[in-house]
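Here the structure comes first, spelled out in structure tokens, and everything after it is commentary.
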Amino acid sequence: MDEKFDAIIVGAGLAGSAAAYRLAQAGLEVVLVERGPYPGSKSLSGGVLYGRVLSELIPNFWDEAPVERFINNQVITFMTGEASFSVDFKTQAFSAPPYNGFSVLRARFDRWLGEKAEEAGAMLVPGIRVDHLLREDGRIVGIVAGDEEMRADVVIAADGANAFLAQEAGLRERIPPAHIAVGVKELIGLPRETVEERFRLTGNEGTAYAIVGFATRGVSGGGFLYTNLESVSVGVVMHLDDLIRHNLKPGDILEDFLAHPLIAPLIRGGRLLEYGAHLVPEAGLQGMPRLVTDGFLVVGDAAGLTVNNGLVVRGMDLAIGSGIAAAEAVLAAKEKGDFSAQGLSVYPQKLEASFVMQDMRTYANAPHFMENPRLYAAYPQLATTLMAQLFAQTSQPKAHILPTLLKAVKESKISLLDLALDGWKGVRTL
Amino acid sequence: MADQTIWAFSEKPALLAELIAGARQLSGAAAAVVVGPRALCEQALAAGADRVYWLGETSDSRLVEDYVPTLAALVTEQQPAALLIGATKRGKAVAGRLAARLGTSTITDVKRLSGEPGSYQAEHLIFGGGAVRTEQPHGLLLCTVGQAAFEPLPPEPGRTGPVVEVPFVAPPWQLQLRERKEKPPVSVNLAAAKRVVCPGRGLAKEEDLALMRELAQLLEAEIGCTRPLAEGLNWLPRERYIGVSGANLKADLYIGIGVSGQVQHTVGISEAHVVVAINKDKTAAIFQQADYGIVGDLYTVVPALIKALQARK
Amino acid sequence: MNIVVCYKLTPDAEDIEVKPNRTISLEKAEWNIGEYDLMAIEAGVQLVEAVGGQVSALSVGPHQTAASKAKKDVLSRGPDDLYLVIDDALANADTHLTARLLATAIRKRGPFDLVLCGEGSSDLYFQQVGLQLGELLGVPVINAVSRIMPADGKVIVERSLENEVEVLEVPLPAVLAVTADINQPRLPTMKEILKAGKKPVTEWTLADVPPAGGLQESVTVLSTLAPKQVERKQIIVPGNPDEAVQTLIGYLSKEGVL
């Protein structure tokens, strides 16, 4: 191909489409290459879309985008095999624009965002898998797909958690299992009235559950459940190395999770609409690759941009933020005519200045904290045992909360020191 | 001369006999339209036709399709209520061109016919077998019917009836036949297989097909598969895929091994006489579509089955 | 050679949803070019690559047929331009109406040497429209074509019947319905996908292309239902593998299938 484009973006997920949209808006010739038949066909999320950054790119996007429910109810649950203890927070403060987060179905949402990029002038090339980067004199000058080459001033790798292009560009090594999680998910269809009755929802409001403990059978990770308009997204995400260590299969863990007495009634009578699995970067700041080299940038999951602070799981907003920052960096580089790592350094600078890197730094120790095995067995057990003892009315005389708590802690064999340190670390890390 | 007689046409005498039976079943009276040697007319009468229209002989310079204008003129003149055409490729060519000349649509690959003249209803499969559609033509019922939709009547040799020689209407164009070439036979015909062993996604690797083949050999069965094995993984050729837009079984015995039982596959096994499922997931949908099921790991159950079958021999 | 290839955009049968009372919904289905139509397009493009000329793609249908993704998809496979007749009333057009409308559109487009059609559509697979179209255009038409060899003023085709292959001379202009054996369609390249957006598209309404004979339907669809669920015994054979297979063999013997 003789033409040279301003930018080639590999992957029409949220980061890629956001970058494409921003660049096309500015009048650049940008090609958005997607290996699936349409943007979103390969996307799968276990999270909630926190929308603020997207609303900066596309104001009031919720009026036109296929979002499911706005989330104004967040539940954190400690789960054991037979019990659960939840903190259930609901507020009307999240019920009006600009809202807080949304449940989304990625096949539909990403498709919409990809179409927006196309409408803005980006050239979408679906059904093409990029095999390699194209190099000339050692510099990255484009991409190779099959027998074809395509050149551009800059290649933006938005190719997802496997980050193949970033590896090929020399920005990172192969991702170790310790830095990656695997998520398995089911989309379960339920009539709209059933969703609203079971989760006590009115109109388009929705609930997000973050579940820790039995959900993953002691493997570090968590379970999630989000209400959509006429379905429920439910699944588990687990650190790959821990999963291997426990010698358990994700599908089996998911089956048990769905059968748990807390979850089963929520999905009863539902129809399995979709089943999928996906990798998620899980190392936080320390797992991030270098972000720039000559003629090349990495965004989204490929850049390891995810946060799990135990309360919320984020990747989509970080992806969008990084896509926008990358686009602005390309615009700045074009102005200077300098697409070297130096010329593109606006990208890491913008990321650092924005919530993206600031949040990555804030939560830098969260991954390590979340590996604490007490989170998955001992603490859920402690919490539910304590609650059981507080609420049970037997023929034994009752005690006050404090002695009951101390007794429960003593019986749990968790040392008071660990408990205190974990609590202290927790509130400072998450 | 509109009457109750239903017409049947096929260039293949065996298929024509089935259509004649179908025509009789629907209305009581059948007329056969014959191309080929005159002797086929007597055969058609013996097969149950009350009347025969003989279009003429075929040769390398007069192909079956060259009779389309003749047949169209005959139908226009005689106004039968319905015309059943054998669903060979030639039959479909004749049906399509006839439909255009007669101003109607052909209802193809009909499985069931019912109704009265003027309100006939024809049932056929669409969406690759995923749905049954029932249609009613506004005028003439023009349809194609495949093999084995009807059972031929017991032949009555010596049965008589009028044989009308139809005057040839020269076609406006003819294709010149240059050559006929023999065709290599089809590698597998799952629709005709009596027993089928069908692995699904539960099979971990391609090498494990050897286990399936061992079982199939013992059972004298053909190997089929679900779509992912044929199209996604390419472990088996497309002709072996059973399901929507794939093969439809009429087998006596189907054994699904590591098959989950999604509807896109099970539409292909609904006519199998006995369905057996082996799957380690007790909630797999296949068990509701099966007569007999074993919940277990195929890698222990199938070898056990092979051993048990060998012991019987 | 001046070639028109007809295609149909159809909902993917894999996405069928069966509702209670056996009704069918394809609301959630993805719409794609029929797989046999892709072969017809490939055949047309290969012919023009061999002897020169042009290939137009043509389709008639509801609004989904004019979706940007669909237009780009067909144009990324080699045709030079695209003609569409769009109206939601065409969503369930019968084969005769479809053929009449295609014939009218082809005449409006102008002269042609060859019209190519797939064997049948991906959703209904009636295998009729190509044949009806040829007859309505008054030109030679043949189906089951598995090979096309251009010659002077004609094409030599191989026609793949059940037990034999006929080699036939077909004078042009003509209509050919090609069979699944004819070729393996190429995958669109990045270059072709990018070019697709720039190729000319002519979009007509039914008012622009009134089909000869009007919009009458010749058949009425009475129902479209999921096939009846076959009643199965649903017997789960218990025991360890060795016991279970013995019991199973017992059942199968009794059924007479072993």
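Details
- The residues of segment C:204-221 that are among the hydroxyl-bearing types (Ser, Thr, Tyr) and open to solvent by less than 50 Å² (accessible area, probe 1.4 Å) amount to a single one, C:Ser218.
- Top-ranked residue in segment A:130-157 [being part of a loop (DSSP other than H, G, I, E, B), out of contact with any strand residue (DSSP E or B) (no Cβ under 6 Å at 6 or more places or on another chain) and within 14 Å of another protein chain (Cβ to nearest Cβ); ranked as least open to solvent (accessible area, probe 1.4 Å)]: A:Gly146
- Lone unmet requirement of (1) within 14 Å of another protein chain (Cβ to nearest Cβ); (2) touching a Leu at 6+ places or on another chain (Cβ under 6 Å) for C:Asp73: (2)
- Output for segment A:100-117, where each listed residue is over 15 Å from the mean Cα position of the chain (by Cα) and charged (D, E, K, R): A:Arg108, A:Arg111, A:Glu115, A:Lys116
So that you can scan it fast, the table gives a plain yes or no per residue for (1) touching a strand residue (DSSP E or B) at 6+ places or on another chain (Cβ under 7 Å); (2) more than 10 Å from every other protein chain (Cβ to nearest Cβ):
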site: B:Gly246; (1), (2): no, yes
site: B:Leu249; (1), (2): yes, yes
site: B:Leu253; (1), (2): yes, no
site: B:Glu271; (1), (2): no, no
site: B:Val274; (1), (2): yes, no
site: B:Ala277; (1), (2): yes, no
site: B:Lys282; (1), (2): yes, no
site: B:Ala285; (1), (2): no, no
site: B:Gln288; (1), (2): no, no
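Residue-by-condition table, conditions (1) open to solvent by 70 Å² or more (accessible area, probe 1.4 Å); (2) closer than 16 Å to A:Gly16 by Cβ; (3) modelled with pLDDT under 95; (4) not aromatic (Phe, Trp, Tyr):
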| residue | (1), (2), (3), (4) |
| --- | --- |
| A:Gly321 | no, yes, no, yes |
| A:Gly337 | no, no, no, yes |
| A:Pro367 | no, no, yes, yes |
| A:Glu371 | yes, no, yes, yes |
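- Any chance A:Val67 is modelled with pLDDT of 95 or more, open to solvent by less than 10 Å² (accessible area, probe 1.4 Å) and not aromatic (Phe, Trp, Tyr): no
- Counting residues in segment C:118-132 that are more than 10 Å from chain B (Cβ to nearest Cβ) and either farther than 19 Å from B:Glu65 by Cα or not in a strand (DSSP E or B) (or both) gives one or more.
- The numbered conditions (1) without any contact (Cβ under 8 Å) to a residue 60 or more places away in the chain; (2) crowded, with 17+ Cβ neighbours inside 10 Å; (3) not small (Gly, Ala, Ser) are all true for B:Val188 except (2).
- Residue pairs whose Cβ atoms lie under 7 Å apart, sitting 6 or more positions apart in sequence or on different chains, and linking a residue in segment C:154-171 that is at pLDDT below 95 and among the charged types (D, E, K, R) to a partner that is crowded, with 21+ Cβ neighbours inside 10 Å and outside any strand (DSSP E or B), are C:Glu162/B:Thr88.
- From the options C:Val201, C:Val178, C:Val157, C:Val167, residue that is under 19 Å from C:Ser56 (Cβ atoms) and open to solvent by less than 30 Å² (accessible area, probe 1.4 Å): C:Val178
- All positions within segment B:114-160 that are acidic (Asp, Glu) and more than 7 Å from every other protein chain (Cβ to nearest Cβ): B:Glu116, B:Glu123, B:Glu151, B:Glu156
- Matching entry among C:Leu97, C:Leu114, C:Leu90, C:Leu82 (being open to solvent by less than 10 Å² (accessible area, probe 1.4 Å), more than 11 Å from every other protein chain (Cβ to nearest Cβ), over 21 Å from B:Leu177 (Cα atoms) and among the aliphatic types (A, V, I, L, M)): C:Leu82
- Checking each residue in segment B:60-107 for being over 23 Å from the mean Cα position of the chain (by Cα), in a loop (DSSP other than H, G, I, E, B), more than 17 Å from C:Thr95 (Cα to Cα) and not hydrophobic (A, V, I, L, M, F, W, C) picks out B:Asp60, B:Ser61, B:Gln79, B:Pro80.
- Of all residues in segment A:33-44, those that are at the interface with chain C (Cβ under 10 Å from one of its Cβ atoms) have Cβ atoms under 6 Å from Cβ atoms of residues that are of a type outside the set (Asp, Glu) and in a loop (DSSP other than H, G, I, E, B), 6 or more apart or on another chain, in A:Val33/A:Ile128; A:Val33/A:Val130; A:Pro37/A:Gly127.
- Failed item, numbered, when B:Ser260 is tested on (1) over 23 Å from B:Ala304 (Cα atoms); (2) open to solvent by 20 Å² or more (accessible area, probe 1.4 Å); (3) not charged (D, E, K, R): (1)
- Out of A:Thr404, A:Thr384, A:Thr394, sole residue that is free of Cβ contacts under 8 Å to residues at least 12 places away in the same chain and either of a type outside the set (D, E, K, R) or crowded, with 21+ Cβ neighbours inside 10 Å (or both): A:Thr394
- Just one of the listed residues (B:Pro157, B:Pro171) is surrounded by 13 or more Cβ atoms within 10 Å (Cβ to Cβ), on the phi < 0 side of the Ramachandran plot and part of a loop (DSSP other than H, G, I, E, B), and it is B:Pro171.
- C:Ile3 farther than 24 Å from C:Asn183 by Cβ and not in a loop (DSSP other than H, G, I, E, B): no
- Test: residue in segment B:296-303 that is open to solvent by less than 40 Å² (accessible area, probe 1.4 Å), in the same structural domain as B:Val197 (by TED's automatic domain parsing), closer than 30 Å to C:Asp123 by Cβ and not β-branched (Val, Ile, Thr): no
- Subset of segment A:346-365 [over 21 Å from A:Glu282 (Cα atoms), open to solvent by 30 Å² or more (accessible area, probe 1.4 Å) and not basic (Lys, Arg)]: A:Gln349, A:Ala353
- Of the criteria (1) crowded, with 18+ Cβ neighbours inside 10 Å; (2) outside any helix (DSSP H, G or I), which one A:Leu285 fails: (2)
- Subset of segment A:42-60 (residues that are open to solvent by 40 Å² or more (accessible area, probe 1.4 Å) and in a loop (DSSP other than H, G, I, E, B)): A:Lys42, A:Leu44, A:Pro59, A:Asn60
- Restricting segment B:218-229 to residues that are within 14 Å of chain C (Cβ to nearest Cβ) and of a type in the set (A, V, I, L, M), the residue that is surrounded by the most Cβ atoms within 10 Å (Cβ to Cβ): B:Ala221
- Test: residue in segment A:415-425 that is outside any helix (DSSP H, G or I) and open to solvent by 40 Å² or more (accessible area, probe 1.4 Å): yes
- Neighbours by Cβ (under 7 Å, 6+ apart or cross-chain): first from segment C:211-238, over 30 Å from C:Arg107 (Cβ atoms) and within 7 Å of chain B (Cβ to nearest Cβ); second among the hydroxyl-bearing types (Ser, Thr, Tyr) and part of a strand (DSSP E or B): C:Leu222/B:Thr134; C:Ser223/B:Thr134; C:Leu225/C:Thr23; C:Lys233/B:Tyr292; C:Ile235/B:Tyr292; C:Val237/B:Tyr292
- Test: residue in segment B:94-113 that is open to solvent by less than 30 Å² (accessible area, probe 1.4 Å), within 26 Å of C:Val129 (Cβ to Cβ) and more than 14 Å from chain C (Cβ to nearest Cβ): no
The values are calculated or read from the model by the stated rules, or taken from the named source; none is laboratory data. If you're wondering where the values come from, they're calculated on a predicted model, not measured in any experiment. Because the Cβ atoms are built from the backbone with ideal geometry, glycine has one as well, and the counts that use them run over all protein chains shown. When the accessible area is computed, the model is the full protein with side chains, heavy atoms only, and any ligands, DNA or RNA have been set aside. Shrake-Rupley method; radii C 1.70, N 1.55, O 1.52, S 1.80 Å.
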